[in-house]
């Protein structure tokens, strides 16, 4: 899954209004992720087989590069300000089967096969989205 991507420069970001650049961004074959001001991009992980949403995490350029290089999901922890390989301590390694980007390349979608107990949430649930909002309150509904 070795892929090389080019991080957009400030000049490229400023040129996004140009129709040819926008076309390249939205329809071209070059991976040019648009990281936010903190150098991060949102990454949604779903189960490759069922499509279930497992988690939302953040990637910096290094996490994305490691994911592409190894085929295993790496993320950037905003609270710890550190790169982390998902499942390194829990055994819930996420093997990436496909990565998609949205139309303007500012969000990623990882389809993954989860190792270990098949969970993704550090609280112990399969999905980090285990609560439903009912009448303004959170109700666990894994």
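Taking Cα atoms of the chain, Rg/Rh with Kirkwood Rh, to two decimals?
That ratio equals 1.02.
With a point put 7 Å past each Cα toward its Cβ, work out how far residue 125 is from residue 70 in nm, to one decimal.
Each label point lies 7 Å from its Cα, and together they span 2.7 nm.
Against the longest principal axis of the chain, how steep is helix 61-70, in degrees 0 to 90 to the nearest 10, with axes from Cα atoms?
In the chain, helix 61-70 runs at an angle near 70 degrees to the longest axis.
Given the stretch 34-140, what percent of its DSSP beta bridges are antiparallel, to the nearest 5?
Numbers: 22 of 28 bridges.
Taking every DSSP beta bridge within the stretch 34-140, about 80 percent pair in antiparallel fashion.
R0 = 22 Å: FRET efficiency of residue 89 with residue 37, Cβ-based, nearest 0.05?
0.15
Give, in nm to one decimal, the length gained when the segment between residue 49 and residue 81 is fully stretched (0.36 nm per residue of separation minus the Cα-Cα distance).
8.4 nm
Any idea how far apart residue 27 and residue 134 come out in nm if each label point goes 7 Å out from Cα toward Cβ?
If labels sit at residue 27 and residue 134, their model points lie 4.8 nm apart.
Label residue 107 and residue 141 with points 7 Å out from Cα along Cα→Cβ: what is the distance between them in nm?
2.1
Just so you know, all these numbers are worked out from the coordinates, no wet-lab data involved. No experiment lies behind these values; they were computed from the predicted model shown. Cβ atoms come from the backbone with ideal geometry, glycine included; neighbour counts cover every protein chain shown.
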